[in-house]
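J.: This is the structure I have questions about; it appears just below.
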Amino acid sequence: MVQQQTREFLKYFGEIEKELGKITGLDNGHHTTFTHKIEKARKRVPVIRRYETELKTFGDLRNLLSHNNDLDIAVPSEKTVKRIERIWRHLVQPVTAMDVAHKNVSIFQDTDTLVELLKTMDENKYTHFPIYHNHRYLGLLTDNGIAYWLARHRDRQISLENVFVKDVFDDDEKKKNYRFVARNESIFDVDDYFEDPLMEALFVTENGKPTETILGIITGWDILSYQINGDG
């Protein structure tokens with residue numbers, strides 16, 4: 001069992017080192033250290049930035065295993081083997097924005113009525129809505145923004161049939177709490193965007209441009225769900 005875990009660890013370590021060589025152009029012929037490859041690759045690869053500390057620790061463990069193989073000074077645990085396998089998988093099969101995005105997005109024009117939007121919210125349980133004026137993206141309207149608008153107008157006799165999305169949207173101070181990202185952007189970059197406490201949603205397009213068709217939407221809950229149920 002111990003020997004099997006060591007072989008598995010060294011196998012995945014070797015695969016990671018090979019990928020780092022491809023990324024950096026520093027293959028075995030350059031006689032460079034594993035740490036140097038990490039430090040060079042981290043500038044370009046989000047996976048390496050996220051797991052930099054662990055990878056350097058794995059490098060130290062590899063050195064112990066390679067130089068003291070007969071002494072059993074260090075043995076990779078089953079947890080360690082699973083962890084390095086997971087990092088290798090993230091490196092060779094990176095999870096992208098499109099992988100975690102909701103593909104069904106309800107888009108509204110600023111001339112649509114609030115009742116239309118509320119109906120969609122009720123039927124589909126959506127909470128984030130990109131708002132357009134013809135083909136021009138204006139911003140994001142959320143369930144919280146709608147709730148705040150209703151609260152501010154609670155003392156007025158307002159017929160919702162006569163309220164347009166524009167009326168609510170123009171009154172929402174947080175309508176710029178979004179970002180456009182490219183469909184192939186790393187899940188780790190996507191996760192970093194939500195470090196901004198004001199960030200509500202990311203809209204996924206082909207190249208991350210607001211002039212492109214929205215392919216999906218990502219919220220903080222989607223990232224949390226991925227971290228809990230996926231391989232984050």
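J.: My understanding is that a pair violates if its Cα-Cα distance is over 22 Å; which of LYS40/LYS82; LYS40/LYS209; LYS18/LYS209; LYS11/LYS79; LYS11/LYS82; LYS119/LYS166 do that in this structure? Walk me through the numbers on the way to the answer.
T.: Numbers: LYS40/LYS82 25 Å; LYS40/LYS209 29 Å; LYS18/LYS209 34 Å; LYS11/LYS79 15 Å; LYS11/LYS82 12 Å; LYS119/LYS166 17 Å.
In this structure, LYS40/LYS82; LYS40/LYS209; LYS18/LYS209 exceed 22 Å between Cα atoms.
J.: Moving on. Keeping every protein chain in place, order ARG42, ARG156 by accessible area at 1.4 Å, biggest value first, i.e. largest first.
T.: ARG156, ARG42
J.: Turning to a different aspect of this structure: Please report the Cα spread of the range 127-232 along all three principal axes, rounded to whole Å, starting with the longest.
T.: Result for the range 127-232: principal-axis Cα extents of 50, 31, 20 Å.
J.: Can you give the angle from 0 to 90° between the axis of helix 2-24 and the longest principal axis of the chain, with both taken from C-alpha atoms, to the nearest 10?
T.: Tilt relative to the chain: about 70 degrees.
J.: How big is the gap, in Å, between the Cα center of the range 141-172 and the Cα center of the range 79-133?
T.: For the range 141-172 versus the range 79-133, the Cα centre distance is 24 Å.
J.: Considering only protein heavy atoms, what is the solvent-accessible area of PHE58 at a probe of 1.4 Å, reported in Å² to the nearest 10?
T.: Result for PHE58: roughly 20 Å² accessible.
J.: Can I ask one more? Just how much of GLU17 is accessible, in Å², when a 1.4 Å probe is used and the result is rounded to the nearest 10?
T.: Approximately 40 Å² of GLU17 is accessible to the 1.4 Å probe.
J.: Can you give the accessible area of VAL163 in Å² (nearest 10), computed on protein heavy atoms with a 1.4 Å probe?
T.: 10
J.: For the chain, what does the convex hull of the Cα positions come to per residue, in cubic angstrom? Write out the running numbers ahead of the final one.
T.: Details: hull volume 31.8 nm³, N = 232.
Hull volume normalised by residue count: 137 Å³.
J.: Relative contact order for the chain: what percent, with Cα pairs under 8 Å and sequence separation of 6 or more?
T.: Numbers: 292 pairs, mean separation 44.0, N = 232.
Averaging sequence separation for qualifying contacts and normalising by length gives 19 percent for the chain.
J.: Could you work out the local net charge near GLU52, counting Lys and Arg as +1, Asp and Glu as -1, over the other residues with Cβ closer than 10 Å to its Cβ?
T.: On the way: positive: ARG42, ARG49, ARG50, LYS56; negative: GLU39, GLU54.
Charge balance near GLU52 sits at +2.
J.: Run through the DSSP bridge list for the chain and note the antiparallel percent, rounded to the nearest 5. All intermediate terms of the calculation are to be shown ahead of the outcome.
T.: Working: 14 of 21 bridges.
Percentage antiparallel, nearest 5: 65.
J.: First measure r as the distance between the Cβ atoms of VAL92 and GLN4, then evaluate 1/(1 + (r/R0)^6) with R0 = 25 Å and state the FRET efficiency to the nearest 0.05. Display every interim value, and only then the final one.
T.: Working: r = 22 Å, r/R0 = 0.88.
That pair, VAL92 with GLN4, gives E of 0.70.
J.: To continue, here is another question. Return the carbon/sulfur percentage of the accessible area of the chain, one whole number, probe 1.4 Å, all protein chains in place.
T.: Values: 6510 of 13640 Å².
Exposed carbon and sulfur together represent 48 percent of the surface.
J.: Residues with beta-carbon under 13 Å from that of THR120, excluding THR120: net charge, scoring Lys, Arg +1 and Asp, Glu -1?
T.: -3
J.: So what is the accessible area of the range 69-194 per residue, in Å², with the probe set to 1.4 Å?
T.: On the way: 7530 Å² over 126 residues.
I get 60 Å² per residue for this part.
J.: Another one. What is the spread of the Cα atoms of the range 104-181 along each of their three principal axes, largest first, in whole Å?
T.: 40, 26, 22
The values are calculated or read from the model by the stated rules, or taken from the named source; none is laboratory data. Source: prediction; values computed, not measured. Counting neighbours? That spans all protein chains shown, and the Cβs are built from the backbone with ideal geometry, glycine included. Protein only, heavy atoms only, side chains kept; ligands, DNA and RNA dropped before computing areas. Shrake-Rupley method; radii C 1.70, N 1.55, O 1.52, S 1.80 Å.
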